[in-house]
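Accompanying notes for the structure given below.
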Amino acid sequence: MLQCITSSPKINEIIACQKYCYRDLSKWPKLDRLSQGQINFFDSLIFQKHLEADAVSEAVYTLGVIHYRFARYGMKPHFLDLWQQQFSDILLKLRFDDDDEKRIFIEAFSIMNKYVVDVMNIAYAKCQQSAAKQEKLS
């Protein structure tokens, strides 16, 4: 998350809900909670849901809906692409004793991350459509 904020400071405003934020982001408790949430999310997908397609789809879609709730603070789907790129950069820096194992790991995680971002974008778009319909009815 820190790399995402560095590459796009607008993400900082969104996470902070346009309120005051810490100058030293590495000491910001909310950023720590978000980072731990990402760890817990992937841990759940892999070790609890065992990458079972329906369970993963449901969890990822729900996360996309949660992200849509931050649209009022400026959250946009392209920030997910930015996150995906930053995550890919981190994966490339991992060290493995076996180059083949590293290649397979990065490929597998990249496929999963693409799926996560794609489904979250679908959820976000459906929420946008639903909000637009609701607005027309009002």
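Read the figures in this text as sums done on the coordinates, not as results from a lab. In this text the structure is predicted, and so the values were computed from the model without any measurement.
Tabulated values for the structure
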item: Distance violations [Cα-Cα > 27 Å] among LYS49/LYS136; LYS76/LYS133; LYS30/LYS93; LYS30/LYS114; result: LYS49/LYS136
item: Rounded to whole Hz, the Karplus (6.51, -1.76, 1.60) HN-Hα couplings of the range 90-103, x for glycine and proline; result: 5, 4, 5, 7, 5, 10, 10, 5, 10, 4, 5, 4, 4, 4
item: Cα pair distances in the range 60-101, grouped into 5 Å bins until the bin that holds the longest one, percent each; result: 5, 18, 18, 17, 12, 11, 9, 6, 3, 0
